[in-house]
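Shown next, in structure tokens, is the structure this report addresses.
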Amino acid sequence: MAKVKTMYFCNNCGAESPRWLGKCPQCGQWNTLVEEVVRETNTKGTAAYAPVDRKATKPVSLADIKTEDSPRMSTSYGEIDRVLGGGIVPGALMLLGGDPGIGKSTLLLQVSGAIADKAGYVLYASGEESQMQLKLRAERLQITGQHLSVMADTNLDSILQEAAQNKPMLLVIDSIQTMFTDNLDSAPGSVAQVRECTARLLRFAKEQNVPVIIIGHVTKEGNIAGPRMLEHIVDVVLYFEGERSYQFRILRSIKNRFGSTSETGLFVMEEEGLVELLNPSATLLAERTEEEVGSAVMAYLEGIRPILVEVQSLVATTAFGMPRRTSIGYDLNRLIVLLAVLEKRCNFNLGNKDVYINVIGGLKVNEPACDLSVAAAIVSTLENQPVPADMVILGEIGLTGNIRSIPRIEQRIMEAAKMGFTKFIVPKGNTKQLKSDWKDITIHAVTSVEEAMRIIF
């Protein structure tokens, strides 16, 4: 008979320990070891869907491998193809994570329907919804593909056996935390089950040359639940982000063995599902009014894609002894540094003022290139003078009050020029990178915050 024993696995890194420890000896995290029942057998567990192809394991010369035989498969969504590097690679194992209710299942069901209409048979396996519930979701999304099959099962062995018989163009697993294999006695979602199920899916994807997308839940810290090695096993790790109270969604690539991790995809949640946001700058600036006090426009890089975003500020005399600083969509620590620089280098009195910053649209801007535009919005409210409506402000502010250069300055100006902006405040260090001969626009190169404020106001 098989021997049964108890082991402890780390939820963060997957390390094993014969006894419980308060701190993981591998990753150093506290209270991450969980108890699992492990059954030892004399033979290794093998997948039931197909035998191992020994011919595929023999070494092959790199020059003899033809990549033209396996072109990338388009998802019919340009934003997703951009993030993946041109489409889905055959045999790739991809992981999609995101907060609950953000739209992960909706996105993959739309992708499955589009691929089924153009490429062929697609299998969507869900352990969280019944077939009737999936049908209701598909009707809401207006998906009527005859080649899209849905399977409501949590037994991964049954799903892989079905997939091996029909050879789908794409296999979707929703979600990996609900799947289990009969070789393990632990409950679905445990460290052992998540690790074993992911290993089975990896083997299936590589042997059958079928792309597999799995959905992963996230913890309260925003990390994908399960062992950390889950992200190391897969080929592509995608995060679907956004505020649930806003309609904007961002698809990011954290890991991509087949492309760049700098690209991002933008979507809008509508009644009929997720819609690609082809011109995000126009959408974010649609309700901006002319000559508004406390408002400034910046060109924010989402990956390598410039997006025009409006930042608003409110400055009021504090009613308490300690002034309050509140930031929505912008780093609070950077805001505190900006206020100190404005008070020390530009002689603005902010010691007794409450300062509130808000980035319109629910976006989170985290690059230093947004510093000067945030500072301009603050000074605009403090002096009660509006920033010119056709001006875009760019630059990183140092502690000495100087303006430092930023990356991709020409792409930012091109995006703003398309939207009708004609005045630009840029760091003087970026002037050498401007190769285009700009017409009908005015570029002011500045070296300090004080000089930038004189030009703006």
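Throughout, read-outs are computed from the coordinates displayed, never taken from laboratory work. Since we're looking at a predicted model, the values are computed, not measured. Every residue, glycine among them, receives a Cβ derived from its backbone with ideal geometry; neighbour counts consider all protein chains shown.
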Using alpha-carbon coordinates alone, the radius of gyration and Dmax of the stretch 410-457 in Å work out to 10.9, 29
May I ask you to order 287-296, 391-400, 413-422, 97-106 by the average number of other C-beta atoms within 10 Å around their residues, highest value first? 391-400, 97-106, 413-422, 287-296
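Determine, from the Cβ-Cβ distance of LYS5 and ILE328 and an R0 of 51 Å, the FRET efficiency 1/(1 + (r/R0)^6), rounded to the nearest 0.05.
Using R0 = 51 Å, I get an efficiency of 0.50.
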Using every pair of alpha-carbon atoms in the stretch 61-138, split the distances into 5 Å bins beginning at 0 and state the percent of pairs per bin, rounded to integers. 3, 12, 19, 25, 17, 12, 6, 4, 2, 1
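Of all the Cα-Cα pairs you can form in the stretch 144-183, what percent are over 16 Å apart?
Pairs farther apart than 16 Å: 36 percent.
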One can check that the equivalent ellipsoid of the stretch 278-428, built from the alpha-carbon gyration tensor with semi-axes equal to the square roots of five times its eigenvalues, has lengths in Å, largest first, of 25, 16, 14
Give me log10 I(q)/I(0) at q = 0.10, 0.21 Å⁻¹ for the stretch 200-309, Debye formula, one equal scatterer per alpha-carbon, no solvent. -0.43, -1.27
Residue pairs, from the table LYS58/LYS206; LYS344/LYS423; LYS255/LYS435; LYS255/LYS428; LYS206/LYS255, whose Cα atoms sit over 24 Å apart: LYS344/LYS423; LYS255/LYS435; LYS255/LYS428
Mind giving me the FRET efficiency for GLU270 and GLN29? R0 is 35 Å, r the Cβ-Cβ distance, nearest 0.05 is fine. 0.30
Starting from the Cα-Cα distance between GLU410 and VAL37, subtract it from 0.36 nm times their residue separation and give me the gain in nm to one decimal. 128.5 nm
Of CYS370, CYS13, how do they rank once you tally other Cβ atoms within 10 Å and put the fewest first? CYS13, CYS370
So what is the 222 nm mean residue ellipticity for the chain from helices alone, if each DSSP H run of at least 4 adds -39500 (n - 2.57) and you divide by all residues, rounding to the nearest 500 deg cm²/dmol? -7500 deg cm²/dmol
Bins of 10 Å, beginning at zero and ending with the bin holding the largest distance: percent of Cα pairs per bin for the stretch 71-276, please. 9, 38, 41, 12, 0
With 10 angstrom as the radius, rank SER186, SER327 by how many other C-beta atoms surround their C-beta, starting from the fewest. SER327, SER186
Mind checking the log10 I(q)/I(0) for the chain at q = 0.06, 0.12, 0.13 Å⁻¹? Debye, one equal scatterer per Cα, no solvent, two decimals. -0.35, -1.06, -1.14
FRET efficiency, 1/(1 + (r/R0)^6) with R0 35 Å, evaluated for THR422 and ALA319 via beta carbons: 0.30
Compare the Cα positions of SER260, ILE88, LEU160 along the charge dipole of the stretch 71-276 (+1 at Cβ of Lys, Arg; -1 at Cβ of Asp, Glu; about the Cα centre) and return the one farthest towards the positive end. SER260
